[in-house]
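Every number here is computed from the coordinates shown, using simple stated rules; none is lab data. In this text the structure is predicted, and so the values were computed from the model without any measurement. Ideal geometry is used to build each Cβ from the backbone, glycine not excepted, and the neighbour counts take in all protein chains shown.
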There are 2 protein chains.
Amino acid sequence: MSGWLVVAGLGPGAEGLVTPEVRAVLAGATDIVGYAPYVARVGERPGLTLHASDNRVELDRARHALRLAAEGGRVVIVSSGDPGVFAMASALFEALEDGPAPAFEIRILPGITAMLAAAARLGAPLGHDFCAINLSDNLKPWELIERRIRLAAQADFAMAFYNPRSRARPHQFARVLEILCEECGAGRLISFARAVSTAGESLLTVPLSEARPEMADMRTVVILGSSATRQVGRWVYTPRSVSR
Amino acid sequence: MSGWLVVAGLGPGAEGLVTPEVRAVLAGATDIVGYAPYVARVGERPGLTLHASDNRVELDRARHALRLAAEGGRVVIVSSGDPGVFAMASALFEALEDGPAPAFEIRILPGITAMLAAAARLGAPLGHDFCAINLSDNLKPWELIERRIRLAAQADFAMAFYNPRSRARPHQFARVLEILCEECGAGRLISFARAVSTAGESLLTVPLSEARPEMADMRTVVILGSSATRQVGRWVYTPRSVSR
């Protein structure tokens, strides 16, 4: 029996947002590897082993999955959202670089990433050019994050921020809000979309002057509008056009 | 009977990438509205009217859908990919701004957008901070596109380019490649992902020095790596870390 390894995106939480392609691969797996809350989203069944791991051990997790597949396992590494957006796909390739070339098939299956699920609930805040920035400085210098935010503001991108705030980094998001106020002005719209598509979902849109760090936690995606982003009824959207 | 209006993303092409949520809403619709090739992806059935329109008539299409829903229709505007990424959701809100407040429910349902489907096939080129830029200047000045590309390069974002090249704009993408070479150097990796998840799928990754405008057409998403993007085996990926 020959093994395989798939990195699959489970989407933001709702079952209706898991693609049929991912559902099929989960049904054919022998092993599920991932951060415990994501592994818990895959139901137990005979013949399936769930390997739940802690947060921040992405490389160990990827190496473990590679070993299981090399031994003939049909292995799915599960990510929330899309595995290619601040998730497990890059960690797998980092692990691959350090090891022997795998003799089994590897595939990455996309999923609905948090910013696009959030944008859909809010309206269409990412309807024009935009960027996605991970605000965690676990894996990059804080100065780079600050520089990217300022350049993105000068480019007038809408911006989606992943991992805005955690218990380990309670103060940095306050600094991000200060920088955004300096660069974009107090009236710019900012949206906080928490736990979209799950029971804990909440949405909040305010001008930057009213934004507070406590409005975000690690389950929140924060979306900043461009200079053109506006509200119509309960919706937030960015028009397709920029006039000449 | 009360109508409703949904803007739904059909994903990049494969049936396995259409979410169950979107599939369910298509099954309950009376009217499908959209650009002809996307409407054609929804099968005909009794009780369902397909309203296929031409390209570049997004506002007319949105107004038509609003009228149908106001008359009690259960209407789905279909987009390729995700409706909030260079697609129909923003056009709907533009149409809403000009008309009376709707008395029916409106929802936006996310889909797998082209850049994430392409990234998954390539590996994980968007595995670190990135931006998405529409290269069409139909709705914005060319100078803004050029400015955004330069600032995004200075921010060292990976970049996904939508609508890189069309028959009406054959020369602009050549200019984009020149700018990218100036800003990022000839060795930077660039990937051309065409018609991902369909029978016409093709993938090509080259250094910028070897990139040619003809490598892209309107069915291609182009992904430029950041300074850290590299290849391992047949894969292209951007590591999660930037060292201090």
Here the tail fraction of P(r) beyond 11 Å, over all Cα-Cα pairs of region B:38-84, rounds in percent to 71 percent
What a careful reader reports for the chain B Cβ nearest the rotation axis onto chain A, distance rounded to whole angstrom, is B:131, 2
One decimal, nm, nearest first: from residue A:28 to the same residue in each other copy, label points 7 Å out along Cα→Cβ, the values are 3.2
Quarter of the surface of the C-alpha convex hull for region A:154-244, i.e. direction-averaged projected area in nm², equals 6.6 nm²
Under the rule rounded for a/c under 1.5, else prolate if a/b exceeds b/c, else oblate, using alpha carbon gyration tensor axes a ≥ b ≥ c, region B:2-102 is classed as oblate
Expressed to two decimals, chain B has a Cα Rg over Rh, using the Kirkwood radius, of 1.02
In whole angstrom, the spacing between the Cα centers of region A:98-152 and region B:1-52 equals 28 Å
Semi-axes of the protein assembly as shown from the Cα gyration tensor (sqrt of 5 times each eigenvalue, largest first, whole Å) come to 31, 27, 24
Averaging 1/r across every pair of distinct alpha carbons in region A:104-220 and inverting yields a Kirkwood hydrodynamic radius, in angstrom, of 15.1 Å
With +1 on the Cβ of every Lys and Arg and -1 on the Cβ of every Asp and Glu, the dipole magnitude of region A:25-94 about its Cα centre, in debye rounded to the nearest 20, is 120 debye
Subtracting the Cα-Cα distance of residue A:167 and residue A:52 from 0.36 nm times their residue separation yields 39.2 nm
Unpartnered Cys in chain B, judged by a 4.7 Å Cβ-Cβ cut-off, are B:181, B:184
Yeah, region B:33-170 with a ≥ b ≥ c from its alpha-carbon gyration tensor (a/c under 1.5 is rounded, else prolate when a/b outruns b/c, oblate otherwise) is prolate
Expressed to two decimals, region B:69-149 has a Cα Rg over Rh, using the Kirkwood radius, of 1.06
